[in-house]
1. What is the ratio of the Cα radius of gyration of segment 265-304 to 2.2 N^0.38 Å, with N the residue count, to two decimals?
2. Leaving out same-chain residues fewer than 8 places away, which aspartates and glutamates sit with a Cα under 20 Å from that of Lys57?
3. Applying a 10 Å radius around every beta-carbon, put 307-320, 164-177 in order of their mean neighbour count, most first.
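Taken together, the values in this text are just the output of simple stated rules run on the coordinates, not laboratory data. Computed from a prediction, not measured in an experiment: that's the story for all the values here. Methodologically, a virtual Cβ is constructed for each residue, glycine included, from the backbone with ideal geometry; neighbour enumeration extends over all protein chains shown.
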Amino acid sequence: MNKSSESPETSLQSLFRNAICHYDIISELRFAILAVDGDGFVFECNPAASRLLGVSKASMLGRALKHLPIDWSWPDLDKHLIKMASSREAVRCDDLDFSRADGSRGILGVTLTPFESNPESGSFLLTAVDVSQRRALEHQLNQAQKLEAVGRLAAGVAHEINTPTQFVGDNLRFLTDAFQDILKLLDAYGSLLDALAATGGHNSRVSELKELSDEVDLDYLVEEVPRSIAQAIDGTSRVAEIVRAMKEFSHPSGAKDYADLNRALEGATTVSRNEWKYVAQLGLELDQSLPKVNCQLGELNQAFLNLIVNAAQAVSERYGTDSGGQGSIVVRSRPLDEKNIEISVADNGIGMSEEVRLRCFEQFFTTKEVGKGTGQGLALVHRVVTGHGGLVHVESRLGEGTTFFVRLPVDHR
């Protein structure tokens with residue numbers, strides 16, 4: 001599909017080359033530029049095009065744009081080319097999927113610009129820049145804004161739930177104490193009835209009371225009512241624990257402060273309970289001598305949550321969504337020395353291959369099918385931990401399980 005380059009160079013192509021050279025001085029390191037003639041063949045490109053697209057200049061010159069050996073989403077680009085050809089105005093293609101020279105995937109921002117001095121010729125400039133990082137930052141900003149809004153909503157809901165939960169719990173505790181007093185009274189009544197029955201006094205009335213006792217099954221009530229109240233108190237205590245965890249987890253905090261990470265881990269496991277309770281037993285092995293850590297707690301909360309959810313998903317992949325307790329997740333904390341602490345999240349899930357392990361913190365990298373994974377969770381963990389001056393690494397064996405280790409300085413400024 002090469003086009004002969006032996007024909008005399010047109011003045012239009014000369015102008016294109018001059019434009020490219022001039023533009024390349026300004027932004028050689030960022031923008032790829034391809035000059036395409038009216039027949040759709042590339043007749044010039046800058047060095048940045050080869051670096052960005054992973055194709056040599058010789059492989060591009062004289063070839064049809066459509067048949068360049070570039071792994072990009074041609075149908076999307078072709079749609080914008082048609083739009084430019086019909087309007088003869090510059091057209092932007094902001095999210096063009098492509099493959100870099102190293103094989104990793106990225107996003108191109110492409111602009112197609114007709115040559116103004118001769119718009120009827122069909123010649124145009126294609127400029128492209130890798131906008132993957134910018135898109136990732138925009139996504140993180142959008143997610144942060146969503147999380148902030150959800151956090152505020154969760155804090156408000158938690159506050160509203162907390163009030164009725166408190167008085168329900170208080171009333172149940174009152175009933176517990178009151179029922180103990182009623183039991184004492186019932187014991188006294190029982191003794192009196194036995195005494196009356198023994199003397200033969202008030203036989204008809206005593207018989208009525210004994211029949212009523214049998215009818216309401218008083219012995220059963222005496223045994224089961226305290227159990228019911230105890231279960232209700234336990235339920236309200238769990239609700240109160242979830243509410244507390246939600247309030248702490250969603251509490252907005254822009255500034256760093258010293259925080260109890262053991263408490264943060266307890267909150268993260270409580271908030272994520274619905275993710276792991278059907279697939280795994282979760283154990284907390286938290287060292288109570290762990291010092292408070294100077295951190296942005298909201299960010300670390302999100303990182304811990306992502307690690308626990310990731311572990312639950314790995315267990316689910318291995319054992320299914322209802323593993324009957326086969327899955328195991330263990331969250332640990334310990335001081336490493338006077339200046340550093342370590343948090344680890346271990347699971348006996350599906351594990352990772354070495355290739356996946358080496359790439360698991362990459363932005364947008366995911367092994368999950370479309371719609372089930374965005375490649376953001378572990379990338380966020382890496383960003384948050386390194387932003388706190390810490391380190392995160394992973395040990396994994398395919399088919400056996402994975403452990404993430406987070407090392408954080410106690411006093412990062």
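1. Cα Rg divided by the expected 2.2 N^0.38 Å: 1.34.
2. Lys57 reaches Glu6, Glu9, Asp24, Glu28, Asp37, Asp39, Glu44, Asp71, Asp102, Asp130.
3. Packing proxy ranking, top to bottom: 307-320, 164-177.
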